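Participant: Structure in structure tokens, see below.
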Amino acid sequence: MKKLGIIGDYMASNASHVATNQALEHVGESFIFEWIGTDRIEAEFNAIIQSHHGFLIAPGSPYKSMSGVLQIIQYARQHAMPTLGTCGGFQHMVIEFARNVLGIQDAEHAETNPYASRLVINSLSCSLKGQTLPIQIVDKDSKVFNILKTGTITEAYYCNFGLNTGYQQQIHEAGFRMVGSDEHQEARILELKGHPFFIATLFVPQHSSSYEKPHPLLSALVQAMQPAEKKQYT
């Protein structure tokens, strides 16, 4: 049976964590999922990657082990493992890409290192926490558009941090493409070109899922998970 690993430090008091469990139950397809505490990753890395067929990088940063989360993201990116990152997951997928693909080895996150010189993830000029806003799907050839089958969606945010616009074009041109944006053309959905399923959303799709209408991105993540020979991606 397919198995999804939720990378994050589960807290019952975190509404997005509770919504994540509920949204995955909405999907309906035969699979199992489990939370993987980030402080377990480095010690149990080989067992984790061998026993799971995909990952959801959960909201709720800062994580107990940022290095563990980045290690899982890098492996998933390079080995074609279906991966969806939401909110904090989006932010750390960007950090991993900046460090290991763009070569910005000191790329940092303002939440954990606010005085760093290369803040690829910085504080949003206006916090999106608690807001529900429209998003334009700007790339009609993307997997995201094919999954959502619409050019506009409305989603809920729970974050204070996002992609520093000074790095947005560089990341896009390197292949982690902006496929969804807000009204200011700032990245809200990223998709890795050439990867079977490597998608990051700054919003939290878990919160708009229901039994009557499972969120398409979560359903697509589960559908993409297939035990298969791992292929190297750079």
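Readers should treat all values here as calculations from the given coordinates under stated rules, not as data from a laboratory. Only a predicted model underlies this, so the values are computations on that prediction, with no experimental measurement involved. Here the Cβ is made from the backbone with ideal geometry for all residues, glycine too, and neighbour counts use every protein chain on show.
Participant: Per DSSP helix of 4 or more residues, -39500 (n - 2.57); summed, then divided by the residues of the chain. What does that give at 222 nm, rounded to the nearest 500?
Facilitator: -9500 deg cm²/dmol
Participant: Peptides 54-67, 9-22: what's the order by average Cβ count within 10 Å, highest mean first? Kindly include the intermediate steps, with their values, before the conclusion.
Facilitator: Working: 54-67: 21.4, 9-22: 15.9.
Packing order, densest peptide first, comes out as 54-67, 9-22.
Participant: Regarding the chain, what are the three Cα extents along the principal axes, ordered largest first, in Å?
Facilitator: Cα spread of the chain along its principal axes, largest to smallest: 43, 39, 37 Å.
Participant: Of 2/129; 3/213; 3/129; 64/149, which ones are farther than 28 Å apart at the Cα? Numbers along the way, then the final one.
Facilitator: Working: 2/129 33 Å; 3/213 22 Å; 3/129 31 Å; 64/149 37 Å.
Table pairs above 28 Å Cα-Cα are 2/129; 3/129; 64/149.
Participant: Around residue 215, with a cut-off of 14 angstrom between Cβ atoms, what is the net charge of the other residues, counting Lys and Arg +1 and Asp and Glu -1? Let's see the in-between values first.
Facilitator: Numbers: positive: 149, 213; negative: 25, 29, 155, 212.
It works out to a net charge of -2.
Participant: Suppose the Debye formula is applied to equal point scatterers at every Cα of the stretch 71-123; what is log10 I(q)/I(0) at q = 0.27 Å⁻¹?
Facilitator: Listed by q, the Debye log ratios stand at -1.07.
Participant: Before anything else, pin down the relative contact order of the chain: Cα pairs under 8 Å, at least 6 apart, normalised by residue count, whole percent.
Facilitator: On the way: 492 pairs, mean separation 56.5, N = 234.
Contact order relative to length: 24 percent.
Participant: Long-range amide H contacts for residue 83: which residues qualify at under 5 Å (H placed 1.01 Å from N, peptide plane, sequence gap of 5 or more or a different chain)?
Facilitator: 55, 197, 198, 199
Participant: Another question, if that's okay. For residue 47, what charge total do you get from the other residues with a beta carbon under 14 Å from its beta carbon, if Lys and Arg give +1 and Asp and Glu give -1? Let's see the in-between values first.
Facilitator: Values: positive: 3, 40; negative: 34, 42, 44.
Summing Lys/Arg as +1 and Asp/Glu as -1 gives -1.
Participant: Between the stretch 10-75 and the stretch 161-216, what's the alpha-carbon centroid distance in Å?
Facilitator: 18
Participant: I want the local charge near residue 11. Using Cβ-Cβ distances under 15 Å, sum +1 for each Lys or Arg and -1 for each Asp or Glu among the other residues. Show your work: numbers first, answer last.
Facilitator: On the way: positive: 64; negative: 9, 39.
For residues surrounding residue 11, the net value is -1.
Participant: For a quick protection proxy, order the peptides 31-38, 190-197 by their average other-Cβ count within 10 Å, most packed first. Don't jump to the answer; show the numbers that get you there.
Facilitator: Working: 31-38: 17.5, 190-197: 19.2.
Output ranking for 31-38, 190-197: 190-197, 31-38.
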